[in-house]
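Remarks on the structure that follows.
The values are calculated or read from the model by the stated rules, or taken from the named source; none is laboratory data. In this text, all values refer to a predicted model and were calculated from it rather than measured experimentally. Positions of Cβ are backbone-derived with ideal geometry, glycine not excepted, and every protein chain shown enters the neighbour counts. Ligands, DNA and RNA are stripped out before the accessible areas are found, and what is left, the full protein with its side chains, is counted by its heavy atoms. Shrake-Rupley method; radii C 1.70, N 1.55, O 1.52, S 1.80 Å.
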Amino acid sequence: PTQCDNWVRTSNGGHFASPNYPNMYPPNQECIYILEAAPRQRIELTFDEPYYIEPSFECRFDHLEVRDGPFGFSPLINRYCGLKSPALIRSTGRFMWIKFTSDEELEGKGFQAKYSFIPDPDFTYLGGILNPIPDCQFELSGADGIVRSSQVEQEGKTKPGQAVDCIWTIKATPNAKIYLRFLDYQMEHSNECKRNFVAVYDGSSSIENLKAKFCSTVANDVTLQTGTGVVRMWADEGSRLSRFRMLFTSFVDPPCSGNTYFCHSNMCINNSLVCNGIQNCAYPWDENHCREKKKNGLFEQITKTHGTIIGITSGIVLVLLIISILVQVKQPRKKVMACKTAFNKTGFQEVFDPPHYELFSLRDKEISADLADLSEELENYQKMRRPSTASRCIHDHHCGSQASNIKQSRTNLSSMELPFRNDFAQPQPMK
């Protein structure tokens, strides 16, 4: 909707009128006027004479509609028409929405209205304005930038416990428009727009230039059609935890020139914003396929001081690594030498000798014991035969021959022992 005819604004108020006032207004007209007062102020509206709007039942034809708020769906104050001018109209807040409508027939002289600002009685104390909100304004410009609510507290624009009413004015590059994208957004009392909100204006901070207003849990991107944008944040004393962070980007309409980049969304941004780690386009085309450029940028940012620090650190780490390797290599050698010095050859041989050695040694011991028993039995046998032989020699006179036989038998026995022992010679070691 557009406003009709002239509209005069001053710091204390202003005035506006129907088209061609005080002459007859034209048919088929629709004029919108949105009034905005300063924080903690209200609006008073009065009408001058002459005044005439086509009278009708419930003002269904030509009429003047006044609402208590900044929107066409704000609470209706009343509809006015006829010959008598309305009485004083006062808003309950900072805004007033007014629309004049005329049909195809029966025009009149119309109206002229004056508006002024008065202190809001909800914020008055001893006849004056209680704790007027301090001036809280910021300015940003360039190809891109960040609008953030934390700047209010960092620069001490408001004190703890006070309401926040701050304005950020954004200036785009020459012949460019502005694209806004929220990076962070949180409202303390969501959906209570009278307690806190973030408003975006296109061109100026006038209420008729309001582009979008956010007070719920979601905030969408906003594209402005001018090179000037205004972002306003309002938060009462109980909504100080509300916050937002917004990215603004200057862009021009296609076709894109040599120093701009086409965003595939009817936007051309500056080439310096491509591959800068921030999504400046409505879609992330400017940050795709940027791996090589990011690597080059990283190495280019390393200064001589950084290189020296990195080199010294790397050298220290390398020396420590070599020392640890040498310690690990020397430690096992000491253990091996200690084991060699404490080596017991006898015990090792007793444990690891093949079992057949021990087996044959046991058999030799048994055979030698058997031979010793056999020799003892032979000696006993010979002792027993000696007396019998002697008696035979006496009676038979064969002692000489018997003695010789005995000697021969002993000789034969000794000769028999040799082959017997050779049969049980110690065997060869087994492999």
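Quick notes
- So SER206, is it modelled with pLDDT under 90 and over 34 Å from the mean Cα position of the chain (by Cα): yes
- Conditions (1) over 16 Å from GLN112 (Cβ atoms); (2) open to solvent by 60 Å² or more (accessible area, probe 1.4 Å); (3) in a strand (DSSP E or B); (4) not charged (D, E, K, R); number of the one not met by HIS15: (1)
- Enumeration of residues in the stretch 86-121 that are open to solvent by 20 Å² or more (accessible area, probe 1.4 Å), part of a strand (DSSP E or B) and closer than 22 Å to ARG60 by Cα: TRP97, LYS99, THR101, GLN112
- From PRO70, PRO26, residue being in contact with a helix residue (DSSP H, G or I) (Cβ under 8 Å, 6 or more places away or on another chain) and part of a loop (DSSP other than H, G, I, E, B): PRO70
- The criterion of being part of a loop (DSSP other than H, G, I, E, B), within 20 Å of ASN209 (Cα to Cα) and open to solvent by 30 Å² or more (accessible area, probe 1.4 Å) does not hold for PHE61.
- Scan of the stretch 208-239 for residues that are β-branched (Val, Ile, Thr) and open to solvent by 60 Å² or more (accessible area, probe 1.4 Å), ordered by number: THR217, VAL218
- Pick from the stretch 240-276, criterion without any contact (Cβ under 8 Å) to a residue 24 or more places away in the chain and assigned to a strand (DSSP E or B), ranking: surrounded by the most Cβ atoms within 10 Å (Cβ to Cβ): CYS268
- Answer residue from the stretch 144-166, given it is modelled with pLDDT of 90 or more and of a type in the set (A, V, I, L, M, F, W, C) and is surrounded by the fewest Cβ atoms within 10 Å (Cβ to Cβ) among those: ILE146
- Checked against the criterion of being of a type outside the set (D, E, K, R), over 19 Å from LYS109 (Cβ atoms) and open to solvent by 30 Å² or more (accessible area, probe 1.4 Å), the stretch 21-34 contains not a single residue that satisfies it.
- Only listed residue being of a type in the set (A, V, I, L, M) and either in the same structural domain as ASP165 (by the TED database) or open to solvent by less than 40 Å² (accessible area, probe 1.4 Å) (or both), chosen from LEU45, LEU76: LEU45
- Residues within the stretch 167-207 that are part of a loop (DSSP other than H, G, I, E, B) and either more than 22 Å from LEU35 (Cβ to Cβ) or open to solvent by less than 10 Å² (accessible area, probe 1.4 Å) (or both), tallied: 11
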